[in-house]
1. Which residue is modelled with the lowest pLDDT, if the candidates are limited to the range 1-16 and must be closer than 14 Å to M43 by Cα and charged (D, E, K, R)?
2. How many residues does the range 25-51 hold that are in a helix (DSSP H, G or I) and among the small types (G, A, S)?
3. Looking at (1) under 13 Å from L127 (Cβ atoms); (2) in contact with a helix residue (DSSP H, G or I) (Cβ under 6 Å, 6 or more places away or on another chain); (3) at pLDDT 85 or above; (4) surrounded by fewer than 20 Cβ atoms within 10 Å (Cβ to Cβ), which is the one condition that is false for R55?
4. Restricting to the range 96-114, what's the tally of residues that are more than 14 Å from E73 (Cα to Cα) and of a type in the set (S, T, N, Q)?
5. Please go through the range 13-24 and give me each residue that is over 18 Å from the mean Cα position of the chain (by Cα) and either of a type in the set (G, A, S) or assigned to a helix (DSSP H, G or I) (or both), ordered by number.
6. Just one of (1) buried (at least 19 other Cβ atoms within 10 Å of the Cβ); (2) farther than 24 Å from L3 by Cβ; (3) at pLDDT below 85 trips up V98, so point out which.
7. Restricted to the range 58-80, and to residues that are polar (S, T, N, Q) and exposed (fewer than 13 other Cβ atoms within 10 Å of the Cβ), which residue is modelled with the lowest pLDDT?
8. Output the residues belonging to the range 110-124 that are in contact (Cβ under 8 Å) with a residue 60 or more places away in the chain and either of a type in the set (F, W, Y) or in a loop (DSSP other than H, G, I, E, B) (or both).
Amino acid sequence: MDLVADGLVNKEIARALCLSELTVKQHLVRISMRFGVGDRAGMVGCLYLKGWFRRREPGSDARVPQVTPRQYEVLVGVARGLSNTEIGDRLGISTDTVKTHVALLLKRFGGRNRAHLVRLAVDAGVLRLVPASMSGGDRG
């Protein structure tokens, strides 16, 4: 799962682990079903919550990206595995606006995809994930 969190796609994961792409896909489907999440970003967020990933400490020269309160809300939705439409519905904004926020977040953090964005945001200390039942204090 580290490779998923690092933003690699199935083909790259298969190559790194000497597996077929089909085997990688089957494993990811099983993980997705086990944790009840629909996408890679949701898997990464869930695995942080379960303690399977630990926050990587950024280097001393690392710059922590700044995000607006709205971008943070979008980031939390991404980490929970919500689609752009679901995030937009919950926040009362259009899907296009969500896509714009996600694109800006990916650029700001240097993420390859949504799963990688979640890892980078947690590692930078920008996103602190807590179980959904405690979701009043996501910002850390």
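The values are calculated or read from the model by the stated rules, or taken from the named source; none is laboratory data. Model, not experiment: these values are computed from the prediction. Here the Cβ positions follow ideal geometry from the backbone for every residue, glycine too, while neighbour counts run over all protein chains shown.
1. Of everything passing the filter in the range 1-16, D2 is modelled with the lowest pLDDT.
2. At the first step, the residues of the range 25-51 found to be in a helix (DSSP H, G or I) are 25-35, 40-49.
Pick out the ones that are also among the small types (G, A, S) and you get 32, 41-42, 45.
Result for the range 25-51: 4.
3. (3)
4. So the count comes out to 1.
5. Just the residues of the range 13-24 that are over 18 Å from the mean Cα position of the chain (by Cα), to begin with: 14-24.
Across the range 13-24, the qualifying residues are A14, R15, A16, L17, S20, E21, L22, T23, V24.
6. (3)
7. Just the residues of the range 58-80 that are polar (S, T, N, Q), to begin with: 60, 66, 68, 71.
Going one step further and asking which of them are exposed (fewer than 13 other Cβ atoms within 10 Å of the Cβ), we end up with 60, 66, 68.
Numbers: S60: 52, Q66: 88, T68: 93.
Only one residue tops the list, namely S60.
8. G111, R112, N113, A124
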